[in-house]
Amino acid sequence: MTLWFVLALMTAAAIFAVLWPLSRRESALRSGSDVNVYRDQLEEIRRDHAAGLIGESEAAAAQVEVSRRLLAAADAAAAVSQPAPDAATARRRAVAVVALLLLPLGAITLYLMVGSPMLPGQPLASRGSAERQTIAQMVAQVEAHLAKNPNEARGWEVVAPIYLRLGRFEDAVKARRQALALSEPTAERHAGLGEALTAAANGIVTAEAVAAFKQALALDADHVKARFFLGLAAEQDGRADEAVAAWRALLERAPPDAPWADFIRGELKRVAGEGAPSSGPSSGPSSGPSEEQVAAAKNLPPEQQVAMIKGMVERLAERLGKDGSDIEGWLRLVRSYMVLGEREQALAAAGAARRALAAEPDKLRRIDELVKGLGLDG
């Protein structure tokens with residue numbers, strides 16, 4: 001009802017705009033005040049003649065001209081006071097009637113022809129659903145095209161971010177892999193693969209994702225997405241100080257209008273608010289997931305447990321394989337395998353720790369104590 005009321009008001013305003021100029025008469029432009037003006041002019045001519053300011057012939061000529069104008073003004077005033085219908089008036093009335101009738105009728109006819117008067121109003125939710133259906137149809141068309149042309153890299157690259165937006169993370173990973181395999185590797189393509197892998201792992205930056213981001217940085221050392229996610233991986237591994245340093249470096253080199261700067265500041269506030277780890281023995285470069293993180297993950301659905309815990313444990317094991325001097329990292333790795341129920345992996349990690357720390361008796365003793373405490377020595 002509100003829409004129709006607004007449309008009626010708009011129609012009335014349009015009709016008024018047409019009829020208003022037609023209702024005005026040209027004769028009304030002359031006012032009865034013109035008669036008084038000419039009479040004043042006649043009196044002024046007489047006074048000037050009596051005072052000797054103008055001669056007899058000039059006064060007579062001026063009086064004749066002003067008198068002629070006075071008579072014309074008087075006739076016009078009389079015509080206004082008693083108007084008679086003429087051809088112009090009839091034409092104005094005809095145009096007014098046509099405007100009054102045809103303007104709304106024309107608008108209604110046009111709406112019935114090109115509009116949808118019988119279509120009910122749609123709520124915002126259904127409109128969003130229609131938009132999603134449109135996107136799904138577009139994706140289906142791209143998929144049909146790729147089914148016939150699987151080696152078209154451009155198609156995979158186009159559909160990958162759409163999969164990510166729709167929450168089809170595994171499909172996004174597949175599309176990113178295909179795009180990389182079929183085209184020249186770039187920093188953006190590697191970073192896109194890392195992002196898809198992270199999304200598929202429920203936000204955990206897995207070891208494979210870290211490798212993709214590192215490949216991106218090898219091609220472009222200033223790639224923002226890769227540097228951010230590597231900082232996130234450090235934060236997830238308990239190395240908040242490295243994450244803070246990486247994100248601060250991003251902000252220092254960010255352009256003034258960088259659209260992602262506020263997001264990075266929010267992440268810095270979140271991590272700094274939790275407190276960066278101290279430089280004590282428990283915060284080495286390979287500190288890995290804490291026992292609390294691993295235990296908390298057991299409350300998640302099974303697939304999320306696997307993604308979260310294994311992602312952190314894999315990265316920790318990879319780093320300890322390169323630098324085995326971090327005793328806290330080895331202890332945490334063995335505990336993590338036990339929480340996961342992977343006894344053989346825990347034993348293997350303990351054996352690797354003994355080999356890496358063979359020259360450090362104090363650290364070996366801590367490994368032996370942990371193995372005994374966990375019941376692995378049996």
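Counting the residues of the stretch 347-378 that are over 17 Å from residue 319 (Cβ atoms) and either among the basic types (Lys, Arg) or touching a strand residue (DSSP E or B) at 6+ places or on another chain (Cβ under 8 Å) (or both) gives 4. Being of a type in the set (D, E, K, R), buried (at least 17 other Cβ atoms within 10 Å of the Cβ) and within 18 Å of residue 207 (Cβ to Cβ) is true of residue 315.
For the stretch 331-339, the condition holds for at least one residue, the condition being that it is crowded, with 20+ Cβ neighbours inside 10 Å, more than 16 Å from residue 311 (Cα to Cα) and not assigned by TED's automatic domain parsing to the domain that holds residue 237.
For every residue, the table says whether it meets (1) surrounded by fewer than 23 Cβ atoms within 10 Å (Cβ to Cβ); (2) aromatic (Phe, Trp, Tyr); (3) in contact (Cβ under 8 Å) with a residue 24 or more places away in the chain; (4) within 24 Å of residue 318 (Cα to Cα).
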| position | (1), (2), (3), (4) |
| --- | --- |
| 184 | yes, no, no, no |
| 191 | no, no, yes, yes |
| 194 | no, no, yes, yes |
| 198 | no, no, yes, yes |
| 214 | yes, no, no, yes |
| 226 | no, no, yes, yes |
| 232 | yes, no, yes, yes |
| 240 | yes, no, yes, yes |
| 265 | yes, no, no, no |
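Residue under question is residue 265, and the condition is that it be of a type in the set (Lys, Arg) and either part of a loop (DSSP other than H, G, I, E, B) or modelled with pLDDT under 90 (or both); does it hold? Judged against the criteria, residue 265 is a match. Taken over the stretch 291-335, the residue count meeting the criterion of being at pLDDT below 80 and of a type in the set (Gly, Ala, Ser) is 5.
The residue that is modelled with the highest pLDDT, counting only those in the stretch 212-239 that are touching a Gly at 6+ places or on another chain (Cβ under 8 Å) and part of a loop (DSSP other than H, G, I, E, B), is 237. Listed by first and then second residue, the pairs linking a residue in the stretch 127-144 that is not assigned by TED's automatic domain parsing to the domain that holds residue 157 to a residue that is modelled with pLDDT under 75, with Cβ atoms under 8 Å apart and 6 or more places separating them unless they lie on different chains, are 130/122.
The values are calculated or read from the model by the stated rules, or taken from the named source; none is laboratory data. These numbers come from a predicted model, not from an experiment. Note: ideal-geometry Cβ built from the backbone for every residue, glycine included; neighbour counts use all protein chains shown.
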